[in-house]
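The block underneath contains the structure these notes are about, expressed in structure tokens.
Bear in mind these aren't lab numbers, they're just calculated from the coordinates by the rules spelled out. Predicted, not measured: the structure shown is a model, and the values here were computed from it. Positions of Cβ are generated from backbone atoms using ideal geometry, with glycine treated the same way; all protein chains shown enter the neighbour counts.
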Amino acid sequence: NPSKGKRYTEEQIIRILKEVETGTPVAEVCRKYNVAEATVYRWRDKYGGMDESQLRRLKELEAENTRLKRIVAQQVLDIDALKDLLGKAW
């Protein structure tokens with residue numbers, strides 16, 4: 001179904017939310033963009049009050065967080081491997 005999944009980019013979502021923030025009724029925004037009110041409220045919970053530079057920063061931080069989690073996971077594996085080696089050596 002082509003309507004499933006992300007139809008709007010995060011940048012577009014922020015622009016849509018700006019309309020609500022500047023006084024356009026949620027129901028009108030929902031009709032205009034063909035989204036459910038629950039979707040607008042979910043977007044507002046996640047992106048409300050953000051501008052595009054803040055969104056870019058959020059994406060950068062999320063990417064950095066993912067990278068750091070991978071590093072930590074690899075370190076845990078390395079430590080476990082070293083413990084196994086040391087355990088066998090004694």
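Can you tell me which lysines have their Cα less than 25 Å from the Cα of residue 83? Leave out same-chain residues fewer than eight positions away.
69
Calculate how steeply helix 52-89 sits against the longest principal axis of the alpha-carbon atoms of the chain, using the helix alpha-carbon long axis, and give the answer as 0 to 90 degrees to the nearest 10.
For 52-89 against the chain, the angle is about 20 degrees.
Which of 68, 77, 55 ends up with the largest GNM mean-square fluctuation for the chain, with Cα atoms connected below 10 Å?
Evaluated over the chain, the most mobile residue of the options is 77.
Going by alpha carbons, how many degrees (0 to 90, nearest 10) lie between the helix axis of 37-47 and the longest principal axis of the chain?
50 degrees
Cβ under 14 Å from residue 63's Cβ, residue 63 left aside: what net charge do those residues give with Lys, Arg +1 and Asp, Glu -1?
Here the count lands on +2.
Just tell me which aspartates and glutamates come within less than 19 Å, Cα to Cα, of residue 6; anything on the same chain fewer than 8 places away is out.
Straight-distance partners of residue 6: 37, 45, 52, 62.
For labels at residue 6 and residue 52 in the simple 7 Å Cα→Cβ model, what's the distance in nm?
1.6 nm
Taking only Cα atoms, what is the 0 to 90° angle, nearest 10, from helix 10-21's long axis to the longest principal axis of the chain?
That helix lies at roughly 40 degrees to the long axis.
Given contacts defined as C-alpha pairs under 8 Å and at least six residues apart, what's the relative contact order of the chain, whole-number percent?
26 percent
Please name whichever of 25, 73, 36 sits farthest to the positive end of the charge dipole of the chain, dipole taken about the Cα centre and charges placed at Cβ: Lys and Arg +1, Asp and Glu -1.
Comparing the listed Cα positions along the dipole, 36 ranks first.
Using DSSP loop states and a limit of at most 16 other Cβ atoms within 10 Å to flag trypsin sites (Lys or Arg not before Pro), what is the longest stretch of the chain containing no flagged site?
Free of exposed loop sites, the longest segment is 8-90.
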